[in-house]
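The values are calculated or read from the model by the stated rules, or taken from the named source; none is laboratory data. None of the values given here were measured: they were computed from a predicted structure. Positions of Cβ are backbone-derived with ideal geometry, glycine not excepted, and every protein chain shown enters the neighbour counts. We work out accessible area using only protein heavy atoms, side chains counted, and drop any ligands, DNA or RNA first. Shrake-Rupley method; radii C 1.70, N 1.55, O 1.52, S 1.80 Å.
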Amino acid sequence: MGRVKGGVRDNIRRAARRLFYEQGYPRVGISELVEAAGTNKASFYYNYASKEELGREYLRDYSDFLLERVKRIAARSPDPADFFRRWARLMKRDMELSPGFNGCPVANFMGQTPRGDAYFGTELQALVQTWRESLIEYFTRCRDAGALSADKDPAALAELSLCAYQGGLWLWKALEKKRAFQRMEELFLALLK
């Protein structure tokens, strides 16, 4: 087991981010996590009560990171069409720059978790609700500023946006074709008509 520089908890978090994202949460065991983190099981359990606790932290970390990126795009976008174009381009860029790109880590985790899961279900619902509320807030500001048609419902647009985002990423995962990101952008823009 090779030692990794940094605090044990940070090393475990970094290992989890990589392994859960690349292999999927259910496929990664604690032995593999501690090996990748350069530590041992005693240190793991000193820092985390369970793999599930680490999984929740993984979800919160990634959700916060991704939500912050979308908020930055929204802050720079004078209207929803610009926002959607930037969002789709960011996903395409992520795919091009990262050989290990595997789509949205939160959605991937959600896809690996049974609906209503006792441990992760509430956490996942809260994360998606936070995303939804952030998008509703942006679309409401755009509508109030006249940058979005007054007949558009910000809540419906937020939910449809999340569907387009996840659908585009799943299409890319299934076909591994860059055009999936173009389709994502087209669907985003179609929501504004």
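So the values come out like this:
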item: When residues of segment 146-156 are limited to those that are more than 14 Å from residue 74 (Cα to Cα) and assigned to a loop (DSSP other than H, G, I, E, B), the one least open to solvent (accessible area, probe 1.4 Å); result: 152
item: Test: residue in segment 59-72 that is assigned to a loop (DSSP other than H, G, I, E, B) and over 13 Å from the mean Cα position of the chain (by Cα); result: no
item: Identity of the residue in segment 36-51, surrounded by 15 or more Cβ atoms within 10 Å (Cβ to Cβ) and of a type outside the set (Gly, Ala, Ser), that ends up farthest from residue 138 (Cα to Cα); result: 39
item: Where a residue in segment 29-54 is on the phi > 0 side of the Ramachandran plot and its partner, wherever it lies, is among the β-branched types (Val, Ile, Thr), with Cβ under 6 Å and at least six apart; result: 38/4
item: Residue check for residue 89: in contact (Cβ under 8 Å) with a residue 40 or more places away in the chain, surrounded by fewer than 20 Cβ atoms within 10 Å (Cβ to Cβ), assigned to a helix (DSSP H, G or I) and out of contact with any His (no Cβ under 9 Å at 6 or more places or on another chain); result: yes
item: Any hit, segment 101-111, residues being open to solvent by 20 Å² or more (accessible area, probe 1.4 Å), within 22 Å of residue 171 (Cα to Cα) and not in a helix (DSSP H, G or I); result: yes
item: Among the residues listed as 137, 123, the single one being among the charged types (D, E, K, R) and at pLDDT below 95; result: 123
item: Checking residue 24 against (1) at negative phi; (2) within 15 Å of the chain's Cα centre (by Cα); (3) open to solvent by less than 10 Å² (accessible area, probe 1.4 Å), the condition it does not meet; result: (1)
item: One residue from 159, 137, 123, 133 being in contact with a helix residue (DSSP H, G or I) (Cβ under 9 Å, 6 or more places away or on another chain), open to solvent by less than 40 Å² (accessible area, probe 1.4 Å), charged (D, E, K, R) and part of a helix (DSSP H, G or I); result: 123
